[in-house]
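**Student:** Take a look at this one; I'll ask things after.
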Amino acid sequence: MWRCAWPLLTLVLVATCSPAPSGYAHDLVVSNQTTLAVTLAVNGRVVRSVQPRTDETISVRDLPAQPWVVEARTPSGRVLTSLTVRPGDVWETSMPDGSTQMNGDAVRVDLSCGRLDIWSGPPLLGPAPGPGKPGDCAP
């Protein structure tokens, strides 16, 4: 009988002692470091125009229920990049040692006219922008 009880007891202890991730939705952030005005659409609806060389935060209260299918479009409507944010994708957990673990959804595109980042949760980190491709910044 004890042979069966130990694995069950271990599972119960791990489940009770492990911190639970917070599952609330996080804002959507756009860092448009390009020379283009970028239109942000969520689930097919335009929610914001983000001017060149600016950062914008779109509050959860201004967005539809998740999942969010996010597209960044040029002024002519060409899609530069996209991502999907599903319920449970973005979370943070406080660990017993006081540290925090975080997970988010993000996308980055390096264009010849600058870098475009979109994220929910922790921001993207990474190297300097790449060179892009000729013509990728046409409206």
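**Student:** After finding the eigenvalues of the alpha carbon gyration tensor for the stretch 21-120, what semi-axes result from the square roots of 5 times each, listed largest first in whole Å?
**Tutor:** Rounded to whole Å, the semi-axes are 26, 15, 10.
**Student:** Let me ask another. Can you pull out the trypsin sites (Lys or Arg not before Pro) in the stretch 56-138 that DSSP calls coil and that have at most 16 other Cβ atoms within 10 Å?
**Tutor:** Values: sites: R61, R73, R78, R108, R115; in loops: R78.
Here the trypsin sites (Lys or Arg not before Pro) that fit, given the DSSP loop and packing criteria, are R78.
**Student:** Calculate the FRET efficiency for D62 and W91 from the Cβ-Cβ distance with a Förster distance of 22 Å, rounded to the nearest 0.05.
**Tutor:** Working: r = 21 Å, r/R0 = 0.96.
Taking R0 as 22 Å, the efficiency between D62 and W91 is 0.55.
We did not get these values from a lab; they are worked out from the coordinates using the rules stated. All values derive from a computational prediction rather than experimental measurement. Cβ: placed from backbone, ideal geometry, glycine included. Neighbour counts: every protein chain shown.
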